[in-house]
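In what follows, a structure is listed as structure tokens, so that the remarks can point back to it.
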Amino acid sequence: MFENLQDRLGSILNGLTGRGALSEADVSAALREVRRALLEADVALDVVRSFTDRVREKAVGAEILKSIKPGQMVVKIVHDELVEMLGGEGVGIDLHAPAPVVVMMVGLQGSGKTTTTAKIANRLSTRDKKKVLMASLDTRRPAAQEQLRQLGAQTNIDTLPIIAGQSPTDIAARAVQAAKLGGHDVVILDTAGRTHIDEPLMVEMADIKKRSIPHEILLVADSLTGQDAVNLARNFDERVGITGLVLTRMDGDGRGGAALSMRAVTGKPIKLIGVGEKMSELEEFHPRRIADRILGMGDIVSLVERAAENIDAEKAAAMAAKMAKGKFDLNDLADQLRQMQKMGGMGGIMGMMPGMAGMKDKMAAAGLDDKLFGRQIAIIQSMTKAERANPDLLKHSRKKRIAAGSGTDAAAINKLLKMHRQMADMMKMMGGKGKGGMMKQMMSGLAGKMGLGGGMPDLSNIDPKQLEALQKQAEAAGLGKPGAGMPGLGGLPGGLPGLGGAKLPGLGGGFPGLPGLPKKK
């Protein structure tokens, strides 16, 4: 969502960090460009004005202009003000109230209220182990109540039985009563919407609020609607009183202005963001992490969390055992590719890695996109069990058969086999004898640079607070800054091996395990 803004701000701030000393005129010129970039991203004018004023006030002080690295100080100020504009600390759904906690969902028609209701219920049920009841109060939209019932059946969440002819306020009262009798921890009320704000809608919301006494009133807004979403939030807050916001379609190609403006304009926290169609694709909104992504600093904490949610622990343990013995066949490669797809594909992963955001376009130009994963998995699936376990069997006639079965050609199969060979060689080195293998040495080096004397912690059992601390340690060690590079990779921007500077052996001059990126001439 923030790609255009990320590119614009990245080029502006990179221009500052490359300078030895900054004058007041340099800072003013950069802030003019920042202002223009934010307005182009559809951020509200008064929000942009106050943002640039606050940055200018801090950035033209004598201690900044005379500091050792004035450009980096300005980047830090912009980052801190972005975090402040987005809401400081992340705020989750508040369940600190006597059960059943009533959560009321409000918003316009088509903003994704019903789907978001089911996503929140699924999240509370699976992650927080809460017993949730969902109730549809939408008696206007055809099959709205049936839609919620179907979503409840998909996710194994209880839904209130439908009784024809009941008014929304009666359904709300019945839902709260049923939740009390059923021993539910949370009851989520999915209210009706309209195509625009009107008086009957506001009266109905106020009546439902009076009957059900919700602890949380969450406004669901489509982040692609831009400034209209900000006006909508202001109106709902004045008439009904909202406690937080949920932004849907954050995976879309909108400019992100609504997300950046809403917190500043309404004063209400953005609690959750929808990042896809699946029931699991709902994330907590962390202002610091979003600011990191916008400024190209990556988001290692979210990447690790996403990995923990998507990677099968048993499969990972079995893979690690095979790697320790230096074994890596085509079945293992297919598993690796599927896991990368689950974690958001190449673009999703690259956007969260420090300094890598600018690499996405170069990789796409080199043909390294998410379609590549699909083609490679299709090739592997077109092989026999014996061929997957022993790629040396693949001679010309077999490759011809596999190409026909996967809709590719012999060149694509050869590329895949070359990639597998390189990865298998790397696995042997990583699991090799000596000082615990190359991977262990690399991780020890990284831990040393971050000041973790005892080595890297086990990320599978780490809690979010420890993850945040790890991120801060990485930043303090200079690993979170744009262009800082990863240790052991020659300090090249973003630390991508194979694009100049040192590279890991066995990677063929490309992204780890993925050949095809042109080598630096």
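The values are calculated or read from the model by the stated rules, or taken from the named source; none is laboratory data. Being a predicted model, the structure only gives us computed values, none of them experimental. Note that each Cβ is placed from the backbone with ideal geometry, even for glycine, and that neighbours are counted across all protein chains shown. Surface areas here come from the heavy atoms of the whole protein model, side chains and all, with no ligands, DNA or RNA. Shrake-Rupley method; radii C 1.70, N 1.55, O 1.52, S 1.80 Å.
What number of residues within segment 192-202 are farther than 19 Å from Ser136 by Cβ and open to solvent by 70 Å² or more (accessible area, probe 1.4 Å)?
Selection size over segment 192-202: 2.
Is there a residue being outside any helix (DSSP H, G or I) and surrounded by fewer than 24 Cβ atoms within 10 Å (Cβ to Cβ) anywhere in segment 256-266?
The answer is no; no qualifying residue exists.
Regarding segment 46-57, can at least one residue be identified that is surrounded by 15 or more Cβ atoms within 10 Å (Cβ to Cβ), basic (Lys, Arg) and either modelled with pLDDT of 75 or more or touching a Pro at 6+ places or on another chain (Cβ under 7 Å) (or both)?
Yes; the residues of segment 46-57 include at least one that is surrounded by 15 or more Cβ atoms within 10 Å (Cβ to Cβ), basic (Lys, Arg) and either modelled with pLDDT of 75 or more or touching a Pro at 6+ places or on another chain (Cβ under 7 Å) (or both).
With respect to Ile171, is the statement that it is more than 20 Å from Met250 (Cα to Cα) and free of Cβ contacts under 8 Å to residues at least 24 places away in the same chain true? Walk me through how you get there before you give the answer.
Details: more than 20 Å from Met250 (Cα to Cα): yes; free of Cβ contacts under 8 Å to residues at least 24 places away in the same chain: no.
It is false that Ile171 is more than 20 Å from Met250 (Cα to Cα) and free of Cβ contacts under 8 Å to residues at least 24 places away in the same chain.
Test Gln154 against the criterion of being in a helix (DSSP H, G or I), of a type outside the set (Phe, Trp, Tyr) and free of Cβ contacts under 8 Å to residues at least 24 places away in the same chain, and give yes or no.
no
Taking the residues in segment 263-274 that are out of contact with any Ser or Thr (no Cβ under 9 Å at 6 or more places or on another chain) and among the hydrophobic types (A, V, I, L, M, F, W, C) as candidates, determine which candidate is modelled with the highest pLDDT. Lay out the reasoning, then the answer.
Keep residues of segment 263-274 that are out of contact with any Ser or Thr (no Cβ under 9 Å at 6 or more places or on another chain), which gives 263, 265-267, 270.
Now drop any that are not among the hydrophobic types (A, V, I, L, M, F, W, C), which leaves 265, 270.
Values: Val265: 84, Ile270: 92.
Per the criteria, the residue is Ile270.
Go through segment 212-243 and report how many residues are part of a helix (DSSP H, G or I) and of a type in the set (Asp, Glu).
Qualifying residue count, segment 212-243: 3.
In segment 87-107, what residues are over 19 Å from Val265 (Cα atoms), of a type outside the set (D, E, K, R) and outside any strand (DSSP E or B)?
The answer is Gly92, Ile93, Leu95, His96, Ala97, Pro98, Ala99, Pro100.
Select from segment 135-149 the residues that are free of Cβ contacts under 8 Å to residues at least 24 places away in the same chain and either in contact with a helix residue (DSSP H, G or I) (Cβ under 8 Å, 6 or more places away or on another chain) or surrounded by fewer than 14 Cβ atoms within 10 Å (Cβ to Cβ) (or both) and list them in ascending order.
Pro142, Ala143, Glu146
Only residues in segment 357-386 that are closer than 17 Å to Asn331 by Cβ and at pLDDT 75 or above count as the first member; pair them with residues that are among the β-branched types (Val, Ile, Thr) and not in a loop (DSSP other than H, G, I, E, B), Cβ under 8 angstrom, at least 6 apart or cross-chain, and list the lot.
From residues that are closer than 17 Å to Asn331 by Cβ and at pLDDT 75 or above, the pairs are Ile379/Ile402; Ile379/Ile413; Ser382/Ile402; Met383/Ile402.
If Leu189 satisfies every condition in (1) in a helix (DSSP H, G or I); (2) touching a residue at least 60 places away in the same chain (Cβ under 8 Å); (3) surrounded by 17 or more Cβ atoms within 10 Å (Cβ to Cβ) but one, which is the exception?
Just one mismatch for Leu189, condition (1).
Looking at (1) in a loop (DSSP other than H, G, I, E, B); (2) surrounded by 19 or more Cβ atoms within 10 Å (Cβ to Cβ); (3) modelled with pLDDT under 85, which one does Arg289 not meet, given that it meets all the others?
(1)
Taking Glu284, is it within 12 Å of the chain's Cα centre (by Cα) and either surrounded by fewer than 19 Cβ atoms within 10 Å (Cβ to Cβ) or under 18 Å from Gly92 (Cα atoms) (or both)? Working first, answer last.
Values: within 12 Å of the chain's Cα centre (by Cα): yes; either surrounded by fewer than 19 Cβ atoms within 10 Å (Cβ to Cβ) or under 18 Å from Gly92 (Cα atoms) (or both): yes.
For Glu284, the condition - within 12 Å of the chain's Cα centre (by Cα) and either surrounded by fewer than 19 Cβ atoms within 10 Å (Cβ to Cβ) or under 18 Å from Gly92 (Cα atoms) (or both) - is met.
Within segment 210-240, how many residues turn out to be touching a strand residue (DSSP E or B) at 6+ places or on another chain (Cβ under 7 Å) and surrounded by fewer than 21 Cβ atoms within 10 Å (Cβ to Cβ)?
Looking only at that region, the number is 4.
For segment 165-183, state whether one or more residues are touching a strand residue (DSSP E or B) at 6+ places or on another chain (Cβ under 9 Å) and part of a loop (DSSP other than H, G, I, E, B).
No, segment 165-183 has no match at all.
Which is among the hydroxyl-bearing types (Ser, Thr, Tyr), over 25 Å from Val43 (Cβ atoms) and in contact with a helix residue (DSSP H, G or I) (Cβ under 8 Å, 6 or more places away or on another chain), of Ser261, Ser223, Ser212?
Values: Ser261 fails: over 25 Å from Val43 (Cβ atoms); Ser223 fails: over 25 Å from Val43 (Cβ atoms).
None of the others qualify; the one that does is Ser212.
For segment 28-51, give me each residue that is assigned to a helix (DSSP H, G or I), under 19 Å from Asp7 (Cβ atoms) and of a type outside the set (Lys, Arg).
Hits for segment 28-51 are Ala29, Ala30, Leu31, Glu33, Val34, Ala37, Leu38, Leu39, Glu40, Val48, Phe51.
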